[in-house]
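The values are calculated or read from the model by the stated rules, or taken from the named source; none is laboratory data. This is a predicted model, so every value here is computed, not measured. Here the Cβ positions follow ideal geometry from the backbone for every residue, glycine too, while neighbour counts run over all protein chains shown.
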Amino acid sequence: MSNPTKLKIGLVSISDRASTGVYEDKGLPALTEWFTNALTTPWEMVSKLIPDEQAEIESTLKNLVDEEGCHLVLTTGGTGPAIRDVTPEATLAVADRVMPGFGEQMRQISLAFVPTAILSRQVGVIRKQSLILNLPGQPKAIKETLEGLKAEDGKSLVQGIFAAIPYCIDLIGGPYIETNPEVVKSFRPKSAIKPTFAS
Ligand SMILES: Nc1ncnc2c1ncn2[C@@H]1O[C@H](COP(=O)(O)OP(=O)(O)OP(=O)(O)O)[C@@H](O)[C@H]1O
Ligand SMILES: Nc1nc2c(c(=O)[nH]1)N[C@H]1C(S)=C(S)[C@@H](COP(=O)(O)O)O[C@H]1N2
């Protein structure tokens, strides 16, 4: 089911103020740093910094999936209840299928960090052969959500969502993704682990 194409990830920072230079964007650097540390599979990225405008978010997501061929797209920002927060609406508007478990688990994970976790309306969807996930705008939320929470000895206390992403990408026909287990341990059923990669 998986294919040998190089993994391509779309990173989208959605912020009125960062996109107009009021403050420096910390979303794209935080996402890039996290993936650089977490992935052992070769990958490339396409990144975009855009304002909280629903039409622009939708066209950016469509471009990343339909033209750029990204296998995975992560957005950061615009998931809350404020009037300008429209990332979930834009993501649902371009979705072929909704993956409710991602939104549910991300909020659950975030509760281990902040009581305001429930204010994020973040969603996960599939468009064509790509998984699109919303992360909150606080730059620290990127690592928290993807990686989860570890004890001082490195033991996982709360499993981050990234554990489930490689297998999801397998199932929608994308490349086989491997991770650095010290950052995040991916999970696949035994039957889905490629023999050359199995330990
Ligand atoms: N791209 C970013 N770079 C740095 N900090 C950010 C970024 N996006 C959000 N933040 C921080 O996280 C907070 C919550 O993010 P949220 O997406 O709700 O932004 P906001 O308050 O709607 O404002 P804006 O869209 O102008 O960033 C922001 O107030 C800001 O402190
Ligand atoms: N992991 C994590 N989740 C989080 C947060 C955070 O700091 N860490 N911030 C919360 C807050 S304060 C808000 S308002 C919502 C929505 O944030 P957004 O509008 O920046 O996307 O995400 C929530 N989820």
Scanning region 107-153 for residues that are in a strand (DSSP E or B) and over 22 Å from residue 94 (Cβ atoms), the one farthest from ligand 2 (Cβ to nearest atom) turns out to be 150
Checked region 1-42 for anything of a type outside the set (S, T, N, Q), without any contact (Cβ under 8 Å) to a residue 40 or more places away in the chain and under 24 Å from residue 193 (Cα atoms); matches are 35, 42
Those residues of region 66-83 that are touching a residue at least 12 places away in the same chain (Cβ under 8 Å) and away from ligand 2 (no atom under 16 Å from the Cβ) come to a total of 6
Residue count, region 147-182, condition at pLDDT below 95 and among the hydrophobic types (A, V, I, L, M, F, W, C), comes to 4
In region 40-75, anything within 16 Å of ligand 1 (Cβ to nearest atom) and of a type in the set (S, T, N, Q) is listed as 47, 54, 60, 75
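Go over the candidates 87, 116, 91 one by one and state the one that is under 20 Å from residue 25 (Cα atoms) and of a type outside the set (D, E, K, R). Even if it seems obvious, please write down each step before you answer.
Working: 116 fails: under 20 Å from residue 25 (Cα atoms); 91 fails: under 20 Å from residue 25 (Cα atoms).
Step by step, each of 87, 116, 91 is checked, and only 87 is under 20 Å from residue 25 (Cα atoms) and of a type outside the set (D, E, K, R).
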When region 76-114 is checked residue by residue, the ones that are among the β-branched types (Val, Ile, Thr) and either within 16 Å of ligand 1 (Cβ to nearest atom) or loosely packed, with under 13 Cβ neighbours inside 10 Å (or both) are 76, 79, 83, 86, 87, 91, 114
